[in-house]
Each structure stands twice: as C-alpha cells, then as structure tokens.
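What follows is a single structure, written as structure tokens, with notes after it.
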Amino acid sequence: MAFKIIVCAKQVPDTNEIKINPETGTLIRDGVPSILNNDDANALEEALKIKDKHPDTHITVVSMGPPQAQEMLFECIAMGADEAVLLSDRAVGGSDTWATSNAITAAIKKIGDFDLIFAGRQAIDGDTAQVGPQIAEKLELPQVTYVEEFEIADNMKDITVKRQLEDGYELIKIQTPCMLTAIKELNEPRYMSMKGIFNKEKDIKVINAADAEIDLTIVGLKASPTNVYRSFTPKPKGKGITVEGDTEKDVAKTLLIDLKKKHII
Amino acid sequence: MNFQQTKEQEFVRKTVRAFATNEVEPLAADIDKEHRFPVETVEKMARYGFLGIPFPTEFGGAGGDHVSYAITVEELARVCASTSVIVSAHTSLCCWPIYHWGSPEQKAKYLPKLLSGEHLGAFGLTEPNAGTDAAGQQTRAELDGDEWVLNGAKVFITNGGYADVFVVMAMTDKSQGNRGITAFIVEKGDPGFSIGKTEDKLGICASSTTELIFQNCRIPKDRLLGGVGKGFKVAMSTLDGGRIGIASQALGIAQGALDVTVEYMKARKQFGKKLSQFQALAFEVADMATKIEAARLLVYKAADMKDKGLPYGKFSAMAKLFAAETAMAVTTKCVQLHGGYGYTKDYPVERMMRDAKITEIYEGTSEVQKIVIAASVIGK
C-alpha cells in the first residue's frame, strides 16, 4: 500500500523583498513576489526524499489561501508532489492561527488517509510556528517540531528524528501516523524539474469551506481569538561604540567608567 | 499576437534562474580560468531535465516548447556562456536531428539516454577546409558490406571531449557536391573513432571544443541518418534550429553583462556621484536595454514559430545575427563602463566580452546569417 504523506504549505510574500512604509508603518506589498514558504519547502523536500527511495509514496500538498496560491502549489507539483489541495474561501479569510488550524484540519480530514504530515516550522510572514502543532493536536497526532534530521525504517512505521534545541538536540523515536515540522537545516530543497513543470496532469484541486465541511463558527476573522492590537516598526538601534585604548587595561578602564556613568553598573 | 509568457515558461525561467545563481554562477570564473568542462553541472542539469526540454515525453523529454528551451539557454548564459552552450549544442545539434530525421529504431535507441542527460550529444560538420562551405567536406564515408567506413577529421566540435553520441556529416559522393553529403550517428568508442586536440580558445573556455578523428572508423549500416545524400538537408535544418540556441546564448550573455554593469554603476562613485547618476552613462544603459529587448523578441519569435510548425529559418537567422551583434556591442560597452576594473578578471564582464565573440562566429557566422536572410528576402 502506498505510503501517504500530507505536506502543509503556505504562499508567503518574499520577506527579503518587503519594505515598510515609514510613514504608515504598514507593509508595502506592491510588486513583492509571492513564494513557497521556506520551511515548507524543506518539509516538501523531505517528503520527496522519501518518494525518491520509495516511489509508491503519494504526496499531497495542502494549503489555505487566496486563489493565487495555486501558483505556489504548481511549484510544489513541479518539484515532484503528486497532487495539491487549496482551501480557498472568503469565510476563512482573516483567520488567526487557531482558526487556520481548524480549517486546515478539516481539509486534511477531507483528504482522508495519511501516514505522515510534514509542515514547515513557521511561515516567514507571521513567524508564529503555531499552525503545525495545532493541527497535530486537533488531529490527535503525536508531533515533533524543529526537525533537523529524519530517518524512516524500511517498515515505514518507525521514525527517528533529531530535534533542534537552542543549546543542543534531542533524538526522538516516533511512529506513524504523526506530524513533523521541518527547519531549514533538515535539507536543501530541490528545484522544479522540467518534466514537473510541463506535467500536463497537474492535479490542483481548489475547494471551499463547504467542500471541506468546515464549521463556519470556528474559522475566519470573527472566530479568531487573536486580534492584532497594533503593529509598529521598531526604531533602529543606534550605532554601537568601539572602546579603544593603548592597552587592554586602558580599554577595560574606559569601559567601566562609561558603564558607571550610565548607571549600568 | 501574444507577447505574454505562459505560466510554464515563467516557471522555467524561475527555476533556471535559481539553478544558474546557485549552481552555475559560483563556478563560472573558475572553470573559465581552468578551462575545465563542468561535468558536475551537466549531471545536475540532467537531473532537472534541462537536457531534453523541447521533446515529447514518450522519448523521455520534458514535453516542453522551444521558447522554454530558449529561456533556459538564456538564463544559463546570463551567468556562464560555457555552460549554456553545452545545453544548446546537445539539444539543438544532436537530439533534434535524431528526433527529426531518425528512424523509429534510432529514436528509440538514442533519444531516451540523450534526453535524460545520461548521454551527451555533439554535432560534426566543420572541417579545417569546410565550415560555411559545407560542400568542401573531405571526410568520406564508403559502404563496405554491412558497414560504413569513415575517414577524415572534424574540427571545432562543441562538447567533443565529453559527448557519447555524435551526428557527423561525411561525403558519400563527391561528384554530387552538397547532395553528396550524408549524415551518420557515431558513438563514442566506435572502432577507428577518436577525439583529437582540444582547442585553446579566446572565450567559452569551459566548453569542450575538439577535433574528431575518423581512421577507418567502421559503423553499422543502420547508423545512416536521414538517407544517403540527405546530409546537407539534415545539417542545414539542424543549424536553423541551432541558431535559436546560440541566439538565446547571445541574449543571455548581453543581459548578464548589463545586469552586473547596472549594479556596478549604482555602487561606483566618481566625482562625488554614482556612475548611474551621470546621464551620458545612463543613456548607454537605456540603449543597451533596448537592444537586448529587441533581440529577445526576435529570439522568442523564432522559437515560437518553430513550436507552431511555421517556417522559421529566416527568423532564427535574424535572431542570431541581431542577438550576437548585440552581445558583442553590449559586453564591449559594459567593459568600458567598468573602466580599468572591467579589463580585469576580478569582474565578470571581461569573461562575458570574450564569450560574446563566438556567438558571431559559430553555427553560421554573422555573414552566413546575412546570406540566409538576404536569400529569403530577395529570393535566390
């Protein structure tokens, strides 16, 4: 039986290209290219590596977003995914992470069986790292976040992952079905292939809230418990100072005097 | 009239641009300096299907179009002309004639490995005394029982040192002139076939340009491509398409040189101003960008006509003529705009200028393109 993987992906504005309007404090979105979220590309790559080794693996990419997000799903299929599902509906617009994970969980239930869900750690536009873990909770799946190494046994059941921590790592054994979130250290995502780009049978399904049988009281802006109170651009920090002196002792002395003057010590 | 790229073509550019930036550009200066054929890049390009773009999937191709192929060569040439010509010579000069002129058995035998990039292709027409003057071929082929016996030598063969499959022209009946030329498929390792000297060139130094030597080279009878006496047709139709590849290469070189020059002009300050703020210099940029865009339209038009099955020989000749001359003019100007730095190997425009020159020469010189264009405009 085919091993089934679901990869959660998001189309995001390329934050390297984003500028902030200094007067209004809002993002300038005009002309900013949309891309496949970086960590999600790592998630997809790991799924594709499983498929490289076990060709009967079936990869479905699931996303929520406006119809333009089909472009990103086109890219996922051109990289090697088998099919893609986009949940696109005004009713889910403005969802915070809780509402988003409700919607995506419903979409995943609609897709059906799976052995493994891969998601990126977080999206570069929101940086919350919440949606993946929330989906796992709602699907009652065990989960490991911040995965930097992944290995699956030939029985396609036993998984060993290395989980990145701030000051080290954990080696964790986990069994399918489960949810893993990928970080950039996990792998180097492949490019789209020419065969993938010209694949005439690209299967991108666009579904709405009704198709996914979503309870409309738990999705969208109104159902979202998080509200953005204010967003602002932090003031740029001043330039640092270099303390100079003839000897190390002089430098230390000058530094101590400065710190005392500022009542830091 | 539709100047909009398809979604597929946009994705081709996106993926090749990323590939070129990450995998090709970092090597470009070194492989040029070392005159080293980038085997590792060819393997990567094979993995992503760059070596079989405009061919049907039934033979292992990507099922793409010639505009996408042109975009691929352009984007590779934007950072490394040597790498781009590997793809161009392989695709246009070896895969295409086998695809177009080959028997079903030849297609089944050669195309899957060529299009997957497992095998690399080359094309042998030019000889020491026969380039533009194809009828001056001295390589001979004679039928001996069930085998053809080839004798002679080819020069300036792109991919020569690394190719596995060669489409080779040889004279089967000298008295017939062009109609006495016949095309053959020669494989690396065929008895009596060897690779001669590798050329030491001005530019595209990482491209392998070699002699092919045939000394009683015996190949099976079924290696005949397109029929006895059809070699001139095979060669000319192949070069019609090949010109799209070289025009794309020239276009990419010009675009790459302009892009790095604009960056340089925005950073370099003289007399208290950035170079880009001097109007005389900014106007040079405007002229170059306009020429490049005109070249791009000609190149894509020729490729699009080929995709649509329309006669495109005149347009591919125009595209190659104009794009090659644009590449030479733009890269020369870009070196000038860099001043002394542009003349050093610390900046890529020096390499780009050397690389540009060949586009005015190979796969039909600019003069040959004018012959083709004039004949089609005036009549023969």
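Structure summary
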read-out: Summed buried accessible area for A+B [probe radius 1.4 Å, Å², rounded to 100]; value: 1600
read-out: Kirkwood hydrodynamic radius of the protein assembly as shown, from inverse mean 1/r over distinct Cα pairs, in Å; value: 28.0
read-out: Antiparallel content of DSSP bridges confined to the protein assembly as shown, in %, to 5; value: 60
read-out: Rg/Rh (Cα only; Kirkwood hydrodynamic radius) as it applies to chain B; value: 0.99
read-out: Whole-number percent relative contact order across the range B:219-347, with pairs defined as alpha carbons under 8 Å at least 6 apart; value: 34
read-out: Whole-number percent relative contact order across the range B:103-221, with pairs defined as alpha carbons under 8 Å at least 6 apart; value: 28
read-out: Hull-based mean projected area of the range A:36-130, where the convex hull spans the alpha carbons, in square nanometres; value: 5.9
read-out: Antiparallel content of DSSP bridges confined to the range A:142-228, in %, to 5; value: 80
read-out: Using distinct alpha-carbon pairs, which all enter the 1/r mean, Kirkwood radius of the range A:38-194 in Å; value: 15.9
read-out: Heavy-atom accessible area, 1.4 Å probe, ligands and nucleic acids excluded: residues of the range A:198-223 down by at least 50 Å² from chain alone; value: A:Phe198
read-out: Other protein chain Cβ atoms within 10 Å, averaged over every residue that makes up B:66-72; value: 1
read-out: Cβ-derived FRET efficiency at R0 51 Å, B:Glu34 paired with A:Lys157, nearest 0.05; value: 0.55
read-out: Contour minus Cα-Cα distance for B:Ser376 and B:Gln176 (0.36 nm per residue); value: 69.6 nm
read-out: For chain A, the longest site-free run once GluC sites (Glu not before Pro) in DSSP loop states with at most 16 other Cβ atoms within 10 Å are removed; value: A:24-139
read-out: Computed Kirkwood radius, in angstrom, where 1/r is averaged over Cα pairs of the range A:203-265; value: 18.3
read-out: Fraction of alpha-carbon pairs over 22 Å apart in the range B:274-380 - percent; value: 42
read-out: Gain on full stretching of the segment that runs from A:Lys253 to A:Leu216 - 0.36 nm per residue minus C-alpha separation; value: 6.8 nm
read-out: Whole-angstrom gap from the range B:1-74 to the range B:174-237, using each part's C-alpha centre; value: 26
read-out: R0 of 60 Å, Cβ-Cβ distance B:Arg140-A:Val206: FRET efficiency to nearest 0.05; value: 0.40
read-out: A:Phe150 accessible area, 1.4 Å probe, all protein chains in place, Å² to nearest 10; value: 30
read-out: Å² of accessible area per residue within the protein assembly as shown, as computed with a 1.4 Å probe and no ligands counted; value: 49
read-out: For the range B:143-227, the fraction of alpha-carbon pairs in successive 10 Å shells from zero, as %; value: 17, 47, 27, 8, 0
read-out: Label-to-label distance, nm, for residues given as B:Glu147 and B:Ser103 (7 Å Cα→Cβ offset); value: 1.8
read-out: Spin-label model distance (nm) - B:Gln336 vs B:Glu10, 7 Å beyond Cα toward Cβ; value: 3.7
read-out: Burial of 10 Å² or greater, the range A:50-92 residues [accessible area, probe 1.4 Å, versus chain by itself]; value: A:Glu71, A:Phe74, A:Glu75
read-out: 0 to 90° range, to nearest 10: angle between helix A:70-79 axis and chain A longest Cα axis; value: 80
read-out: Highest-first arrangement of B:104-114, B:81-91, where packing means the average Cβ count within 10 Å; value: B:81-91, B:104-114
read-out: Accessible surface of chain A [probe 1.4 Å, protein heavy atoms]: carbon and sulfur percent; value: 51
read-out: 0 to 90° range, to nearest 10: angle between helix A:97-111 axis and chain A longest Cα axis; value: 20
read-out: Hull-based mean projected area of the range B:172-315, where the convex hull spans the alpha carbons, in square nanometres; value: 13.4
read-out: Residue list for the range A:205-219, given a label point 7 angstrom along the Cα-to-Cβ vector of A:Arg90 and an amide N cut-off under 15 Å; value: A:208-210
read-out: Spherically averaged projected area in nm², based on the convex hull that wraps the Cα atoms of chain A; value: 20.1
read-out: Globularity ratio of the range B:6-114, using Cα Rg and 2.2 N^0.38 Å; value: 1.08
read-out: Peptide A:184-197 - average C-beta neighbours from other chains (10 Å radius); value: 6
read-out: Using a Förster distance of 35 Å, the FRET efficiency for A:Lys235-B:Gln270 (Cβ separation, nearest 0.05); value: 0.50
read-out: Vicinal HN-Hα couplings computed from phi for the range A:149-160 (Karplus, 6.51 cos²θ - 1.76 cosθ + 1.60; Hz; Gly/Pro x); value: 9, 9, 8, 10, 6, 4, 6, 6, 10, 8, 10, 10
read-out: At most 15 other Cβ within 10 Å, DSSP loop - trypsin sites (Lys or Arg not before Pro), the range A:135-199; value: A:Lys157
read-out: Chain B, accessible surface, carbon-and-sulfur percent (1.4 angstrom probe); value: 54
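The values are calculated or read from the model by the stated rules, or taken from the named source; none is laboratory data. Keep in mind it's a predicted model, so treat the numbers as computed, not measured. Heads up, the Cβs are rebuilt from the backbone with ideal geometry, glycines too, and the neighbour counts pull from every protein chain shown. Protein only, heavy atoms only, side chains kept; ligands, DNA and RNA dropped before computing areas. Shrake-Rupley method; radii C 1.70, N 1.55, O 1.52, S 1.80 Å.
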